[in-house]
1. May I ask you to list the residues in the stretch 58-76 that are in contact with a Ser or Thr (Cβ under 6 Å, 6 or more places away or on another chain) and at pLDDT below 85?
2. Condition test on Phe88, is it touching a Phe, Trp or Tyr at 6+ places or on another chain (Cβ under 7 Å) and at pLDDT below 85?
3. For Ala45, all conditions in the list (1) out of contact with any strand residue (DSSP E or B) (no Cβ under 9 Å at 6 or more places or on another chain); (2) free of Cβ contacts under 8 Å to residues at least 12 places away in the same chain hold save one; what is the number of the exception?
4. Just wondering, is there one or more residues in the stretch 13-25 that are outside any loop (DSSP other than H, G, I, E, B), touching a helix residue (DSSP H, G or I) at 6+ places or on another chain (Cβ under 6 Å), of a type in the set (A, V, I, L, M, F, W, C) and free of Cβ contacts under 8 Å to residues at least 40 places away in the same chain?
5. Quick check on the stretch 1-57: of everything there that is surrounded by 14 or more Cβ atoms within 10 Å (Cβ to Cβ), closer than 13 Å to Arg71 by Cβ and among the polar types (S, T, N, Q), which residue is modelled with the highest pLDDT?
Amino acid sequence: MLKMDIEGGEINLFQVNDAIFRRISEYIVEVHSDDLFNMMVEKCARNNYEIKVYNWQPIVERRMVKIVYARKKDSQPPRRLRPLGDGFLPAVSC
């Protein structure tokens, strides 16, 4: 799993070669613009990932950000997500 929140730097992930992108089975990416969100959706669709989108408004920002959970369609079942701190992390079972 790869979790990213790098304030616009996500564009580097969306420009990486598709073969490298597919090495990770799950992504959690916080995107701050519609352009970045569309790039994420296109990258995931092209590489056979399903996505779930969570809208979130941080207290310090006036605009809504999107947290995108992406999982390869042929990988293990999705993890349950739970809020933790300022983002979403997989729920842990003991």
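The values are calculated or read from the model by the stated rules, or taken from the named source; none is laboratory data. Here the structure is a predicted model, which is why all the values come from computation and not from measurement. All Cβ positions, even for glycine, are placed from backbone atoms using ideal geometry, and neighbour counts span all protein chains on display.
1. Within the stretch 58-76, Ser75 is the sole residue that qualifies.
2. So Phe88 fits the description; yes.
3. Every condition holds for Ala45 apart from (1).
4. Checking the stretch 13-25: at least one residue is outside any loop (DSSP other than H, G, I, E, B), touching a helix residue (DSSP H, G or I) at 6+ places or on another chain (Cβ under 6 Å), of a type in the set (A, V, I, L, M, F, W, C) and free of Cβ contacts under 8 Å to residues at least 40 places away in the same chain.
5. Checked the stretch 1-57; the qualifying residue modelled with the highest pLDDT is Asn47.
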